Amino acid sequence: MAPALLAWHARHGRHDLPWQRNPTPYRVWVSEIMLQQTQVATVIGYFDRFMQRFPDPATLAAAPLDEVLHLWSGLGYYSRARNLHRAAQLVMTDHGGELPAAAATLATLPGIGRSTAAAIRALSAGECAAILDGNVRRVLARYFAVAGVTSQRAVQERLWELAEACTPGHDVAVYTQAIMDLGATICVRRRPLCPACPLEQGCSARRSGRQHELPTARPRVARRTRSVVMLLARQADGSVLLERRAERGVWGGLWCPPQFPSIEAARLFAETRLAAAEVEPQSRTIIRHAFTHFQLEISPLLASCTGWSGVMDGPPVLWYNPAKPERLGLPAPVSALIQSLS
Ligand code: SF4
């Protein structure tokens, strides 16, 4: 595979991505984490802003988590940002401020798995380390006609063997970028562009017409729905009450309006905790947001008030003024909700 991929990449691969310029281990690491679950086109702007503010592990480690989550707001899968921050702190305390050079040591840091560790070493140092991210899994499963759900242990092991066997002893950085690019642009999940593929001749799935069946799809699990009421308590200057969510769980560490299981519970909170609260009789149009395992239905309930009626205990809270926004992590639907109020 390698010669065909290297030749294809020279003509058709992506050569001008921001993290390909000056590919230090730190820059490759941040890009690889951002690219998990997220398209290149979306990541570019986030990557540039992140690098401007946090050009090295030291700046990232020293920053408040709120600021890291602020620059991650809208990218989703926020545990990635929390792990990045935590790992940067460990790099400073345990590794002398440099990302470890051994892939196995890299893989001990939070959020860095075997494939990410290998990608960091291959792309930043040209080390012969095989990667197996989602794109590569798809290419290999099709090229070698490996059936079975790729999360199954035996299938994983087979794919790792193939990934290692295919990784060449030279030009590893280019090969790694090439196979990732092929998966992202040609051997795509739906309707792969086989006639444009440099691997078409040797591809088992293509030969047997099974490219649409491979890799084997995971059995579908019905997504459950979780319904919540968000209380949008607003003061006359437009500031909205937000509380910081616990670090574990959905939107961990981000700031959201207080959330309740029912309108009655939200109303009771407004009446007992807010000063001069006037709650709208009905919640506004439901907002739906899809997570991997469930769908969240948010009923926004508006209330005007003049602040707290007494001492506030519980999670950290603040009055967030969208006209003078603080650098906090806000989930995209919450950000849109707040903006819809102005
Ligand atoms: S020939 Fe088609 S299925 Fe096979 S690797 Fe290329 S794009 Fe994927």
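The values are calculated or read from the model by the stated rules, or taken from the named source; none is laboratory data. Note that the structure is predicted; figures quoted are calculated from it, not measured. Here the Cβ positions follow ideal geometry from the backbone for every residue, glycine too, while neighbour counts run over all protein chains shown.
A few points about this structure:
- Any hit, the stretch 155-168, residues being away from the ligand (no atom under 12 Å from the Cβ), at pLDDT below 95 and surrounded by fewer than 16 Cβ atoms within 10 Å (Cβ to Cβ): no
- Matching residues, the stretch 189-214, being among the charged types (D, E, K, R) and near the ligand (Cβ under 8 Å from one of its atoms): E200, R206
- Looking across the stretch 301-342, the residues that are at pLDDT below 90 and over 24 Å from H70 (Cβ atoms) come down to G307, W308, S309, G310, V311, D313.
- Condition check for Y175 on (1) assigned to a loop (DSSP other than H, G, I, E, B); (2) in the same structural domain as H12 (by TED's automatic domain parsing): one failure, at (1).
- None of A270, A275, A233, A217 is within 16 Å of the ligand (Cβ to nearest atom), touching a residue at least 24 places away in the same chain (Cβ under 8 Å) and hydrophobic (A, V, I, L, M, F, W, C) except A217.
- Filtered residues of the stretch 205-219 (kept if small (G, A, S) and either crowded, with 20+ Cβ neighbours inside 10 Å or modelled with pLDDT of 95 or more (or both)): A205, S208, G209
- The stretch 1-31, residues that are part of a loop (DSSP other than H, G, I, E, B) and loosely packed, with under 15 Cβ neighbours inside 10 Å: R14, H15, D16, R21, N22
- Any hit, the stretch 32-41, residues being among the small types (G, A, S), at negative phi and surrounded by fewer than 18 Cβ atoms within 10 Å (Cβ to Cβ): yes
- Cβ separations smaller than 9 Å between residues 6+ apart or across chains give the following pairs from the stretch 136-163 residues that are closer than 16 Å to A2 by Cβ and without any contact (Cβ under 8 Å) to a residue 40 or more places away in the chain to residues that are part of a helix (DSSP H, G or I) and aromatic (F, W, Y): L162/Y143.
- Residue within the stretch 97-109 that is within 21 Å of R248 (Cβ to Cβ), part of a helix (DSSP H, G or I) and modelled with pLDDT of 95 or more present: no
- Assessment of the stretch 123-135 against the conditions (in a helix (DSSP H, G or I) and within 19 Å of the chain's Cα centre (by Cα)) yields at least one matching residue.
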